[in-house]
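J.: Here's a structure for you.
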Amino acid sequence: MDAGKTAETEPAAGPSSAAAAEAHRPAPNMPQFSREEDLHAYHEMLLIRRFEEKAGQLYGMGLIGGFCHLYIGQEAVVVGMQMASEDGDQVITGYRDHGHMLACGMDPKGVMAELTGRRGGYSRGKGGSMHMFSREKQFFGGHGIVGAQVSLGTGLGFADHYRGNGKVSLTYMGDGAANQGQVYESFNMAALWKLPVVYVIENNRYAMGTSVARASAQTDFSKRGLSFGIPGESVDGMDVRTVREAAGRAIEHARSGKGPFILEMQTYRYRGHSMSDPAKYRTKDEVSKMRDEHDPIEMVRKRLLELHGVPEADIKATDAKVRETVNASAEFATNDPEPDPSELWTDILLEVGA
């Protein structure tokens with residue numbers, strides 16, 4: 001994997017505990033995480049991983065209908081971004097969105113119930129995988145039209161600018177969406193008015209199934225805003241530390257009134273584009289190599305054990321707690337009642353005073 005411009009490859013662990021700790025000690029130019037930060041990142045990424053694995057199981061059982069796009073492998077991107085954000089900053093993304101919801105603090109039960117079309121879901125069972133919102137958590141979707149969220153995220157940034165509230169819009173898209181025309185119209189507006197927007201391009205290399213080398217004339221997505229004067233940075237999106245550091249710089253740039261910023265996160269999805277995609281456009285060896293050498297969760301787990309000295313029993317306890325949370329969400333989502341037919345007529349018009 002191209003580690004990006006801000007990260008180095010993690011050295012291998014040595015035989016002794018001292019050597020192991022030294023092997024996982026960040027290089028001088030590598031951002032460092034405290035024990036608490038690594039514990040937080042581990043929990044948040046593991047929650048997303050286990051939730052998505054469970055969602056895949058429920059889909060295979062026929063309990064989730066429609067489309068379902070899993071975030072497995074890309075967890076470090078949204079967790080690192082959220083670690084650098086502030087309360088009130090908005091998040092908006094495309095249809096690979098479950099991980100973003102969980103990272104924003106949305107209840108796993110409500111997210112899973114929406115996937116199974118139950119009344120306890122965030123959209124009362126009417127939206128499914130791609131259409132969930134939470135005003136409380138400042139999460140504005142979940143959007144099924146490729147690239148549509150970029151215009152809306154720019155609008156969120158315009159609202160922040162207009163109100164002068166000091167908030168930032170974190171607008172996510174994939175490498176496929178980065179070729180959409182409305183993306184560049186949004187870039188132009190955001191640059192012209194210096195809107196507080198951070199555009200996060202999650203480059204998982206294959207969009208819906210075509211390599212970026214075959215689909216994009218400019219494969220360095222951090223440069224996509226140059227013609228508008230928007231600065232950008234390419235980041236190792238498999239390491240939560242480099243994500244958090246780059247996110248901090250980009251968010252501060254936007255929040256301080258300097259206008260938008262582009263972050264290209266070089267990441268990788270382990271599953272197909274959606275649950276219906278067999279992903280035959282890449283080899284099993286390629287996926288296995290990424291899992292073995294660059295898994296974002298395993299890197300943190302090793303640091304917890306070998307650098308921070310966290311007992312393995314504590315890590316196993318975290319794993320068990322996460323599984324319990326995910327299993328509880330699945331139990332709720334399969335037993336919660338389906339929405340009443342009268343729900344078809346709600347959420348069509350905004351009520352006065354709402």
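The values are calculated or read from the model by the stated rules, or taken from the named source; none is laboratory data. All figures in this text were calculated on a predicted structure; none of them were measured in a lab. We place every Cβ from the backbone using ideal geometry, glycine too, and count neighbours over all the protein chains shown. What goes into the accessible areas is simple: the full protein's heavy atoms, side chains included, and nothing from ligands, DNA or RNA. Shrake-Rupley method; radii C 1.70, N 1.55, O 1.52, S 1.80 Å.
J.: Return only the number of the condition from (1) open to solvent by 10 Å² or more (accessible area, probe 1.4 Å); (2) modelled with pLDDT of 95 or more; (3) within 20 Å of the chain's Cα centre (by Cα); (4) closer than 26 Å to LEU70 by Cα that VAL212 does not satisfy.
T.: (2)
J.: State the number of residues belonging to the stretch 215-271 that are modelled with pLDDT under 95 and part of a helix (DSSP H, G or I).
T.: Final tally of qualifying residues: 1.
J.: Another question, if that's okay. Quick one: would you say PHE33 is open to solvent by less than 30 Å² (accessible area, probe 1.4 Å), more than 13 Å from the chain's Cα centre (by Cα) and of a type in the set (A, V, I, L, M, F, W, C)?
T.: yes
J.: Could you please find all residues in the stretch 109-168 being more than 18 Å from the chain's Cα centre (by Cα), within 15 Å of PRO339 (Cβ to Cβ) and surrounded by fewer than 20 Cβ atoms within 10 Å (Cβ to Cβ)?
T.: Hits for the stretch 109-168 are ARG119, GLY120, ARG124, LYS126.
Conditions (1) acidic (Asp, Glu); (2) in contact with a Cys (Cβ under 6 Å, 6 or more places away or on another chain); (3) more than 21 Å from TYR270 (Cβ to Cβ); (4) modelled with pLDDT under 95, marked per residue:
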residue	(1), (2), (3), (4)
MET299	no, no, no, no
LEU304	no, no, yes, no
VAL310	no, no, yes, no
ALA317	no, no, yes, no
ALA328	no, no, yes, no
LEU344	no, no, yes, yes
ASP347	yes, no, yes, yes
ALA354	no, no, yes, yes
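J.: Looking at the stretch 339-354, which of its residues are assigned to a loop (DSSP other than H, G, I, E, B), of a type outside the set (A, V, I, L, M) and farther than 15 Å from GLY110 by Cβ?
T.: If the condition is that a residue be assigned to a loop (DSSP other than H, G, I, E, B), of a type outside the set (A, V, I, L, M) and farther than 15 Å from GLY110 by Cβ, then ASP340, THR346, ASP347, GLU351, GLY353 are the ones that fit.
J.: When residues of the stretch 189-209 are filtered for being farther than 18 Å from GLY147 by Cα, assigned to a loop (DSSP other than H, G, I, E, B) and open to solvent by 60 Å² or more (accessible area, probe 1.4 Å), how many remain?
T.: The qualifying residues number 2.
J.: Are any residues in the stretch 224-250 touching a Gly at 6+ places or on another chain (Cβ under 6 Å), closer than 11 Å to GLU264 by Cβ and open to solvent by 10 Å² or more (accessible area, probe 1.4 Å), and if so, which ones?
T.: If the condition is that a residue be touching a Gly at 6+ places or on another chain (Cβ under 6 Å), closer than 11 Å to GLU264 by Cβ and open to solvent by 10 Å² or more (accessible area, probe 1.4 Å), then GLY232, ASP236 are the ones that fit.
J.: Another question, if that's okay. Are there any pairs with C-beta distances below 8 angstrom linking a residue in the stretch 130-141 that is in contact (Cβ under 8 Å) with a residue 24 or more places away in the chain and of a type in the set (Ser, Thr, Tyr) to a residue that is part of a loop (DSSP other than H, G, I, E, B) and open to solvent by 70 Å² or more (accessible area, probe 1.4 Å), with the two at least 6 apart or on different chains, and if so which?
T.: Partner pairs satisfying both residue conditions: SER134/TYR122.
J.: Listed residues GLY56, GLY66; which is surrounded by fewer than 23 Cβ atoms within 10 Å (Cβ to Cβ), in contact with a Gly (Cβ under 6 Å, 6 or more places away or on another chain) and either closer than 26 Å to ALA246 by Cβ or among the small types (Gly, Ala, Ser) (or both)? Quick ask: steps written out before the conclusion?
T.: On the way: GLY56 fails: in contact with a Gly (Cβ under 6 Å, 6 or more places away or on another chain).
None of the other options fit; the residue is GLY66.
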